[in-house]
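Asker: Let me begin by handing over the structure; questions about it come next.
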Amino acid sequence: MSLKIYIDGKLVDKKDAKISVFDHGLLYGDGVFEGIRSYNCLVFKLTEHIDRLYESAHTLMINIPLNKDQMIKAVIKTLKANKLKDAYIRLLVTRGVGDLGLDPRKCKTPSIIIITDTIVLYPEKLYKQGLEIITVPTIRNLPEASNPQVKSLNYLNNILAKIEAVNAGYQEAIMLNSLGYVAECTGDNIFIIKNNRLYTPPESMGTLRGITRDVVIELAKKAKLTIQEQILTRHDIFNAQEAFLTGTAAEVIPVVCVDGRKIGLAKPGKITCKLLEGFKRVTRRDGIKYKC
Ligand code: PXG
């Protein structure tokens with residue numbers, strides 16, 4: 001059975017899932033998106049992802065033609081059509097079809113695209129061994145320019161950082177902000193642990209308020225760990241006892257080496273592993289259920 005893609009209310013075969021070359025999502029990266037997962041027929045934190053999508057769209061003054069309930073129904077409908085129990089869901093809203101100029105007023109109707117597919121994950125062995133990452137020259141978008149809280153279709157900032165990591169032989173990169181403080185990774189947030197305290201950069205550092213990040217903060221609070229949103233330097237990261245990344249795709253992944261400096265014992269830390277276990281439990285328990 002061919003994969004069905006939702007485009008503007010219709011479910012079409014993957015081979016027919018096409019949009020106009022005049023769509024400003026393509027011409028200018030003018031649009032917003034979310035990456036969401038479902039686990040055994042439970043969509044994890046769907047409401048939170050939908051809220052973030054609508055906030056991104058609001059800032060860009062994109063009027064999404066569905067309300068939030070209708071959007072949730074559209075996501076579920078697409079998952080069911082594809083009989084996917086465990087899925088990666090990519091939800092996009094583009095500015096829509098306009099002309100070759102920038103003027104968004106020429107784009108009358110935003111387009112909604114929902115792609116549900118199986119997820120490509122980091123190999124299991126990386127969760128056991130931990131990731132080695134580096135800092136890259138490309139800094140994170142300035143909040144005063146293209147605000148990192150807006151998950152826009154223009155991801156060039158992160159893609160450049162990813163290219164720099166890959167060119168150097170690494171899979172993920174730490175992006176600093178314009179002041180040289182740690183912001184986040186290309187598609188993940190970063191945490192460190194020292195003396196039973198959990199640290200992660202605040203939003204003001206150019207950090208996306210990740211939904212996985214929020215879940216991990218809640219788990220840490222329940223585990224009676226002290227959690228501090230704090231400015232972090234590379235020195236802080238190098239001298240942490242544990243480090244890990246969080247994101248919808250990666251979940252919680254240990255980091256064992258940064259810029260050639262071993263982190264702690266250079267293997268996944270105890271607290272990190274506990275948080276990963278806790279996270280997996282939550283994904284099996286919470287979420288919006290659908291029949292599959
Ligand atoms: N920071 C950035 C810049 C992101 O794009 C996260 C953090 C984590 O946020 P969530 O809400 O997922 O915990 C993201 C996540 C991918 C992929 O395939 C991930 C993201 C975007 C595009 C692709 O790993 N966003």
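The values are calculated or read from the model by the stated rules, or taken from the named source; none is laboratory data. Computed from a predicted model, the values in this text were never measured in an experiment. Using ideal geometry, Cβ is built from the backbone for each residue, glycine included, and neighbour counts are taken over all protein chains shown. When the accessible area is computed, the model is the full protein with side chains, heavy atoms only, and any ligands, DNA or RNA have been set aside. Shrake-Rupley method; radii C 1.70, N 1.55, O 1.52, S 1.80 Å.
Asker: Restricting attention to the stretch 60-67, does a residue exist that is farther than 30 Å from Val282 by Cα and open to solvent by 80 Å² or more (accessible area, probe 1.4 Å)?
Answerer: yes
Asker: A follow-up question, please. Would you pick out the residues in the stretch 87-111 that are in contact with a Phe, Trp or Tyr (Cβ under 6 Å, 6 or more places away or on another chain) and either within 16 Å of the ligand (Cβ to nearest atom) or closer than 20 Å to Gly35 by Cα (or both)?
Answerer: Leu92
Asker: Something else now. Give the stretch 1-58 a look and list any residue that's among the basic types (Lys, Arg) and either surrounded by fewer than 20 Cβ atoms within 10 Å (Cβ to Cβ) or farther than 19 Å from Lys77 by Cα (or both), or say none.
Answerer: Within the stretch 1-58, Lys10, Lys14, Lys15, Lys18, Arg52 meet the criteria.
Asker: Can you find, within the stretch 164-177, the residue that is nearest to Arg52 (Cα to Cα) among those that are aliphatic (A, V, I, L, M) and open to solvent by 50 Å² or more (accessible area, probe 1.4 Å)?
Answerer: Looking at the filtered set, the residue picked out is Val166.
Asker: Condition first: buried (at least 18 other Cβ atoms within 10 Å of the Cβ) and either within 12 Å of Thr186 (Cα to Cα) or without any contact (Cβ under 8 Å) to a residue 12 or more places away in the chain (or both). Now tell me which residues in the stretch 152-163 satisfy that.
Answerer: Asn157, Asn158, Ala161, Lys162, listed by residue number.
Asker: Out of the stretch 261-272, which residues are open to solvent by 10 Å² or more (accessible area, probe 1.4 Å) and either touching a helix residue (DSSP H, G or I) at 6+ places or on another chain (Cβ under 9 Å) or not assigned by TED's automatic domain parsing to the domain that holds Phe238 (or both)?
Answerer: Arg261, Lys262, Lys267, Pro268, Ile271 - these are the residues of the stretch 261-272 that are open to solvent by 10 Å² or more (accessible area, probe 1.4 Å) and either touching a helix residue (DSSP H, G or I) at 6+ places or on another chain (Cβ under 9 Å) or not assigned by TED's automatic domain parsing to the domain that holds Phe238 (or both).
Asker: Looking at the stretch 89-105, can you tell me whether even one residue there is in contact with a helix residue (DSSP H, G or I) (Cβ under 8 Å, 6 or more places away or on another chain), assigned by TED's automatic domain parsing to the domain that holds Ala57 and under 21 Å from Lys289 (Cβ atoms)?
Answerer: yes
Asker: Can you find a residue that is among the β-branched types (Val, Ile, Thr), assigned to a loop (DSSP other than H, G, I, E, B) and out of contact with any His (no Cβ under 8 Å at 6 or more places or on another chain) anywhere in the stretch 42-56?
Answerer: Checked the stretch 42-56: no residue is among the β-branched types (Val, Ile, Thr), assigned to a loop (DSSP other than H, G, I, E, B) and out of contact with any His (no Cβ under 8 Å at 6 or more places or on another chain).
Asker: Let me ask you something else. Step by step: first the residues of the stretch 88-124, then only those that are within 16 Å of Ile64 (Cβ to Cβ) and polar (S, T, N, Q), then the one that is nearest to the chain's Cα centre (by Cα). Which residue is that?
Answerer: Thr94
Asker: Would you mention how many residues in the stretch 95-151 are touching an Asp or Glu at 6+ places or on another chain (Cβ under 6 Å), in a strand (DSSP E or B) and open to solvent by 60 Å² or more (accessible area, probe 1.4 Å)?
Answerer: Number satisfying all stated conditions: 1.
Asker: In the stretch 179-203, what count of residues is obtained for those that are closer than 13 Å to Ile231 by Cα and more than 15 Å from the ligand (Cβ to nearest atom)?
Answerer: Restricting attention to the stretch 179-203, the residues satisfying the condition of being closer than 13 Å to Ile231 by Cα are 179-184, 190-192, 198-203.
Checking the rest, the ones that are also more than 15 Å from the ligand (Cβ to nearest atom) come to 179-181, 192, 198-199.
Qualifying residue count for the region: 6.
Asker: Select from the stretch 35-75 the residues that are over 17 Å from the mean Cα position of the chain (by Cα) and of a type in the set (S, T, N, Q) and write down the one among them that is farthest from Asn147 (Cα to Cα).
Answerer: Asn40
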